[in-house]
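Student: Shown below is the structure under consideration.
The values are calculated or read from the model by the stated rules, or taken from the named source; none is laboratory data. Computed from a prediction, not measured in an experiment: that's the story for all the values here. Because the Cβ atoms are built from the backbone with ideal geometry, glycine has one as well, and the counts that use them run over all protein chains shown.
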Amino acid sequence: MSKTQSELTESHPWRWLAHCTELFALLPQAFGGLWANLPRISHVALWWVLALGYGAQAQEPSPEDTSQAESAKEAVAEPKEPEEPPLYQSREQRDMTLLSKRLDPSSLVWQEVEGRQFLSLYEQELTGDAVGAVLILNAEGQHSSWPTTVERIRSSLPEYGWNTLSSELPAPDGLSIPERTLPVRPLSPATTTEGADEQADPADKAQEADKQEPQSVDASDADTGAAGAVAPAAPADTEAPEPPKITAEEMAHLRIRSAFEYLHERGQFNVAVIGAGVGAVRAACYSRDLPQRVAGQPRLIRAMVFINARNQIEGTDMNLTDCLQDPELPVLDVYLGDTRRDQLEANRRLKHSRRLKMRNYQQLRLPQMASNTMLGENRLARRVRGFLEHNAKGIKIDNAIIRQPP
C-alpha cells in the first residue's frame with residue numbers, strides 16, 4: 001500500500017528540516033520592520049552612549065578642583081592642638097629618672113657639674129672592714145646600672161668589702177660636619193648683566209652709548225667724597241656672645257673628678273676604676289692627666305679594669321693606647337669578642353702592653369654574659385673581684401694623714 005507525500009515526510013527521520021524551512025520563511029515577515037529600521041535604531045543608540053559618557057565625565061572633578069576643595073576644607077577646619085613636649089629631653093635624662101624611681105633611694109647620689117645634675121649609684125660595703133672603693137664608668141648607650149655587666153659588679157662587690165660608685169657619663173658627641181674651607185663666591189649683579197649685554201645687538205649698544213652724555217665730576221668733590229666716607233656705626237644693642245659649649249668629653253672629665261671628690265669625702269682613697277666601652281678610654285685619659293706620683297706615695301688609681309673597651313672615641317683625639325702609659329699600673333682587660341672589631345682592638349691593646357712592658361697587664365676573653373647569677377655574681381663579676389683582691393686590696397687606717405700631690 002503506497003503512502004502519501006505528507007505521510008512520508010512525517011515518518012522521515014529528518015522531518016524537522018521541513019519545519020525549520022517554514023520557520024526561516026516566516027522570519028522576514030515577522031522582523032521585516034526591524035531590519036528596515038535597524039540603521040535608525042543604531043544611530044539613536046550611539047547618541048545615547050555618547051550623551052551618557054559626556055555626563056559621567058562632567059560629573060568627575062578635576063585634580064585642580066579637588067586640591068582647591070581640600071585646601072578650602074583645611075582653611076575652614078579647626079586649628080590643631082599644640083603638640084605636647086617630649087617627656088624627657090634626652091636619653092640620659094630618661095635613664096636617670098627611671099633609675100631613680102626603680103632603685104633604692106638610699107643608693108641614689110645626685111651630683112652637680114656646671115649647673116647640670118647627674119646620677120650616681122653608691123653601694124656601701126657590707127662586711128664592716130672596707131678594703132677599698134670601685135668607681136664604675138658606663139659605656140656608650142648604657143646607663144649606670146646596665147644588667148649583666150655593671151649591675152652585677154656594683155651589687156656583688158659590697159658583699160666582699162668594696163664600696164662601689166657607678167656614675168652616669170654623657171654619650172660622646174660623635175662626628176660633626178666639617179666646616180667649608182673654600183670661600184663662597186657670590187653672584188654679583190654685574191656678572192648677571194654681563195651675559196645679557198653680550199647677547200645684545202652691537203648697533204643697539206652704539207645707540208645707547210650716543211644717548212648717554214658724559215658727566216663731569218669735580219676732583220675736589222671726588223676726593224672729599226672718598227675721604228669723607230664714614231663707615232656705618234655698629235648697633236648699640238649688640239647681643240652678648242653665647243658662652244662656649246661644653247663638649248661631652250669635657251663634661252665626662254668633670255664628672256669623673258666630682259666622683260673622686262665624693263669618694264674622698266667618704267674617706268675612700270684606695271680607689272680602682274672600671275671602664276666599659278668608651279668609659280675605658282675616659283678612665284685611661286683621666287689617669288694620664290693626674291699629677292705625677294711622688295716617690296713613696298701610692299697612686300690615686302690603684303688598678304684599672306676594662307670591659308669590652310673601645311680604643312678610640314669618634315670625633316676626638318682620645319686614644320686608649322696613647323693614654324695608657326704607666327707600666328706599673330695593674331690592668332685587667334676583659335672583652336667578649338663577639339665581633340671582629342672587638343678582637344682587633346683587643347689585639348692592639350695586647351701589643352701595646354708588650355711594647356710598654358706592663359707586667360701587671362692581663363687580657364681575658366669571656367663569652368656573652370647571661371642574666372642568671374650565682375650567689376649574686378656572674379662570671380664577669382667573679383673575675384673582676386679576684387683581680388681587685390689580688391692587685392688593689394687595701395686596709396683601713398684610722399687617723400691617717402693624706403698628703404695631697406703638689
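Student: Being of a type in the set (D, E, K, R) and either closer than 30 Å to Gln124 by Cα or free of Cβ contacts under 8 Å to residues at least 40 places away in the same chain (or both) is the filter here, so list the residues in the stretch 156-176 that pass it. Walk me through how you get there before you give the answer.
Tutor: Taking the stretch 156-176 first, the residues of a type in the set (D, E, K, R) are 159, 168, 173.
Matches in the stretch 156-176: Glu159, Glu168.
Student: Yes or no: the stretch 356-376 includes at least one residue that is of a type in the set (S, T, N, Q), at pLDDT 90 or above and not in a strand (DSSP E or B). Before you say what the answer is, go through the steps one by one.
Tutor: As a first pass, look at the stretch 356-376 and keep what is of a type in the set (S, T, N, Q): 360, 362-363, 368, 371-373.
From what is left, the residues that are at pLDDT 90 or above are 360, 362-363.
Those left that are additionally not in a strand (DSSP E or B): 360.
Scanning the stretch 356-376, I find at least one residue that is of a type in the set (S, T, N, Q), at pLDDT 90 or above and not in a strand (DSSP E or B), so the answer is yes.
Student: What residue, of Glu179, Glu151, Glu125, is within 16 Å of His264 (Cα to Cα), out of contact with any His (no Cβ under 8 Å at 6 or more places or on another chain), surrounded by fewer than 22 Cβ atoms within 10 Å (Cβ to Cβ) and free of Cβ contacts under 8 Å to residues at least 40 places away in the same chain? Can you show your working first?
Tutor: Working: Glu179 fails: within 16 Å of His264 (Cα to Cα); Glu151 fails: within 16 Å of His264 (Cα to Cα).
Step by step, each of Glu179, Glu151, Glu125 is checked, and only Glu125 is within 16 Å of His264 (Cα to Cα), out of contact with any His (no Cβ under 8 Å at 6 or more places or on another chain), surrounded by fewer than 22 Cβ atoms within 10 Å (Cβ to Cβ) and free of Cβ contacts under 8 Å to residues at least 40 places away in the same chain.
Student: Restricting to the stretch 246-259, give me the number of residues that are surrounded by 17 or more Cβ atoms within 10 Å (Cβ to Cβ) and touching a helix residue (DSSP H, G or I) at 6+ places or on another chain (Cβ under 9 Å).
Tutor: Qualifying residue count for the region: 4.
Student: Taking Asp317, is it surrounded by fewer than 24 Cβ atoms within 10 Å (Cβ to Cβ), part of a helix (DSSP H, G or I) and free of Cβ contacts under 8 Å to residues at least 40 places away in the same chain? First the steps, then the outcome.
Tutor: Details: surrounded by fewer than 24 Cβ atoms within 10 Å (Cβ to Cβ): yes; part of a helix (DSSP H, G or I): no; free of Cβ contacts under 8 Å to residues at least 40 places away in the same chain: yes.
Taking the combined requirement at face value, the residue does not satisfy it.
Student: Sort through Arg349, Arg340 and tell me the only one that's basic (Lys, Arg), surrounded by fewer than 16 Cβ atoms within 10 Å (Cβ to Cβ) and over 16 Å from Val273 (Cα atoms).
Tutor: On the way: Arg349 fails: surrounded by fewer than 16 Cβ atoms within 10 Å (Cβ to Cβ).
After applying the criteria, what remains is Arg340.
Student: On to the next question. Scan the stretch 161-179 for residues that are modelled with pLDDT of 90 or more and on the phi > 0 side of the Ramachandran plot and report the count.
Tutor: Matching residues across the stretch 161-179 total 1.
Student: Just to be sure I understand the filter: pairs with C-beta atoms under 7 Å, separated by 6 or more residues or on different chains, first member in the stretch 260-285 and buried (at least 19 other Cβ atoms within 10 Å of the Cβ), second member outside any helix (DSSP H, G or I) and of a type in the set (Ser, Thr, Tyr). Which pairs pass?
Tutor: Ala276/Thr149
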